[in-house]
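Engineer: Right, I'll just put the structure down here and ask away after.
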């Protein structure tokens, strides 16, 4: 199995249906889809490559950990239920790096070219012609990234609903990766259709909890320092 698509869903069955259909349209033999629905409100679309789970968790970190524990693919991709894959997503992937960085279209701002440019990756090159990727916590979206499973499977998710969890996971992956590949390919459509349903109570008030936990203390430098593609 080459790629595991990890899809958490909560209390928005209509949006989930749109999302899963976008995945089904381009399933290949090398893809598995792992769904966790903790609100028991979705209509399952049966497929041999889709597994459904109904575990209840108190925070988003535990959902991520659970989905990751079920993955068997060499690579993993997190997709939220109110977003959906761009056409030909699978065809755009070339699995030749530990961390693959893509792009997205923000449908809620697509008519605003200035905001669209800000939300997309900013590409700059160093003197050696290597792409330099600066992590932007304000606009980072987890579904921009395809992770090699082996480099994140030991990541210690904070036991909370910190709004920077996605950022921390990407930071960790960047420090572990031997090679980071960037592309301007559009991976998915980012929407605000689902509001904030995947967040749990307290997420807005625990923004600084990661620093107090200190679990990423060894990686603080990467919050202000760009990282460069390695040969």
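Engineer: Is the C-alpha gyration tensor of segment 1-93 telling us rounded, prolate or oblate? Criteria: a/c under 1.5 is rounded; beyond that, a/b larger than b/c is prolate, otherwise oblate.
Structural biologist: oblate
Engineer: Next up: So how do 88-98, 169-179 stack up, highest first, on mean other-Cβ count within 10 Å?
Structural biologist: Result, highest mean Cβ count within 10 Å first: 169-179, 88-98.
Engineer: What order do you get for 182-192, 41-51 when each peptide is scored by the mean count of other beta carbon atoms within 10 Å, highest first?
Structural biologist: Taking the mean over residues of other Cβ atoms within 10 Å, the ranking is 182-192, 41-51.
Bear in mind that the values in this text are calculations on the coordinates, not laboratory data. This structure is a prediction, so every number in the text was calculated from the model and none was measured. Quick reminder, even Gly has a Cβ in these numbers, built from the backbone with ideal geometry, and neighbours come from all protein chains shown.
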